[in-house]
Amino acid sequence: MGNCWRRPAKCAHASSNQFPECTKSPSKAKQNSNPSSQQTPLERLNETHLTSKVDTSVSNNLKSFSFSDLKSATKNFRSETLLGEGGFGYVFKGWIDENTFAPTKPGSGIVVAIKKLKTEGFQGHKEWLAEVNYLGQLRHENLVKLIGYCSESENRLLVYEFMPKGSLENHLFRKGVQPIAWATRMNIAIGVARGLSFLHNLDANVIYRDLKASNILLDSDFSARLSDFGLARDGPTGDKTHVSTRVVGTRGYAAPEYVATGHLTPKSDVYSFGVVLLELLSGRQALDDERAGCAEETLVDWAKPFLSDNRRVFRIMDTRLGGQYPKKGAQAAAALALQCLHTDPKNRPPMIDVLTTLEKLHTSKDVPRTPEAKSGHHGIRHLGYPHRAKIPL
């Protein structure tokens, strides 16, 4: 079974560093399509997969954009509209009319984020289809909203609502950015937990599979949205305990049993949530180049010895908080993270229980009484969709 890993990402959408699962796709495409030598591999893949996998219910929920409209919305994909780049392709800032969705001039209408697929990638095409199918049907306040898509010739694009605060990754790890207050961090954790609980409690119990700070986008009020459903898939149903799948994801976030066996369950997402919660508490990345050194120690490896000790747990807390957090709240959040990170997935709590615990924590009267610490750096411009480095295992 092939493995695919990404480093902790620097882009607000997934789709980089996949192992070439698509190597099987061309042969299937040839069996079901006209094997014309004039067709590109992507065209053959499109013929067999696009029409059969994009449901009519999805197309009814989404706007089908023309490529020319999206060119106009982004000023012909000019460099000044570029928000970032990842394995999927490029993300541009665009403007469309709020009612008609027709392209408008910059500064008018509504702002959108437009992802443009690199045409040479089979895996990117599959993830594009997954995003259209999942986000075309699912609507929740903690999932990013997919407005529409474009499928013309070899052009594959996705149009999303724009998240003005960018990714959680930027706010936690980028130097010079004002630190997020404790209450905001817990509110973000609650938003992520709500999004995952929603997915896990669907009839198909959708497994997100790529939870990490860069895939958590923030609106103007710092409310969290899960983005990038390229790796999502339906979970086990009936008497099945798991689904077997090729291992994909991001180093430091993926559950150990999934990495070892390829067995995927909703508890795989619970583990990843534990890592994100640990990042919110510590302000440290799941896999930090500076901390890792040659051994590449993960955040979980480093923090676990402190999480079960109520006295020592404060050693992992983000120093940029300046001690402005409720001590009992921090201890309880650390204990919850430890439960989510349990080696045995059966001992991890379901996301609905995680959400309940976090909501109780958030409404606790144990709150800091002194003013929040301020950063000495202001006015630092940060991109919502920074570059993602592609690093093989």
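Structure data summary
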{"item": "Index of the failed condition, residue 76 passing every other in (1) surrounded by fewer than 16 Cβ atoms within 10 Å (Cβ to Cβ); (2) in contact with a helix residue (DSSP H, G or I) (Cβ under 9 Å, 6 or more places away or on another chain); (3) of a type outside the set (Asp, Glu)", "result": "(2)"}
{"item": "Of all residues in segment 220-248 being open to solvent by 20 Å² or more (accessible area, probe 1.4 Å) and under 19 Å from the mean Cα position of the chain (by Cα), the one that is nearest to residue 276 (Cα to Cα)", "result": "225"}
{"item": "Any hit, segment 262-276, residues being out of contact with any Cys (no Cβ under 8 Å at 6 or more places or on another chain) and free of Cβ contacts under 8 Å to residues at least 60 places away in the same chain", "result": "yes"}
{"item": "Residue identified as within 20 Å of residue 230 (Cβ to Cβ) and either modelled with pLDDT under 95 or acidic (Asp, Glu) (or both) among 144, 58", "result": "58"}
{"item": "Selection from segment 303-355 of residues that are in contact with a helix residue (DSSP H, G or I) (Cβ under 8 Å, 6 or more places away or on another chain), among the β-branched types (Val, Ile, Thr) and over 29 Å from residue 201 (Cα atoms)", "result": "313, 316"}
{"item": "Considering residues of segment 197-210 that are in a loop (DSSP other than H, G, I, E, B) and either out of contact with any Asp or Glu (no Cβ under 6 Å at 6 or more places or on another chain) or of a type in the set (Val, Ile, Thr) (or both) only, the residue nearest to residue 174 (Cα to Cα)", "result": "210"}
{"item": "Residue among 279, 257 that alone is among the acidic types (Asp, Glu), within 23 Å of residue 355 (Cβ to Cβ), modelled with pLDDT of 90 or more and crowded, with 22+ Cβ neighbours inside 10 Å", "result": "279"}
{"item": "Criterion (out of contact with any strand residue (DSSP E or B) (no Cβ under 8 Å at 6 or more places or on another chain) and closer than 22 Å to residue 343 by Cα) met by exactly one of 244, 268, 223, 272", "result": "272"}
{"item": "Residue within segment 214-235 that is under 30 Å from residue 165 (Cα atoms), assigned to a helix (DSSP H, G or I) and touching a Pro at 6+ places or on another chain (Cβ under 9 Å) present", "result": "yes"}
{"item": "Residue check for residue 127: touching a Ser or Thr at 6+ places or on another chain (Cβ under 6 Å), of a type in the set (D, E, K, R), at pLDDT below 95 and open to solvent by less than 10 Å² (accessible area, probe 1.4 Å)", "result": "yes"}
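Listed here are the residues, each with its yes/no results for (1) open to solvent by less than 10 Å² (accessible area, probe 1.4 Å); (2) in a loop (DSSP other than H, G, I, E, B); (3) touching a Leu at 6+ places or on another chain (Cβ under 9 Å); (4) free of Cβ contacts under 8 Å to residues at least 60 places away in the same chain.
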site	(1), (2), (3), (4)
151	no, no, yes, no
159	yes, no, yes, no
165	no, yes, yes, no
169	no, no, no, no
179	no, yes, yes, no
185	yes, no, yes, no
191	yes, no, yes, yes
195	yes, no, yes, yes
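The values are calculated or read from the model by the stated rules, or taken from the named source; none is laboratory data. All of these numbers come straight from a predicted model, not from anything done at the bench. Heads up, the Cβs are rebuilt from the backbone with ideal geometry, glycines too, and the neighbour counts pull from every protein chain shown. Only protein heavy atoms, including side chains, enter the accessible area calculation; ligands, DNA and RNA are left aside. Shrake-Rupley method; radii C 1.70, N 1.55, O 1.52, S 1.80 Å.
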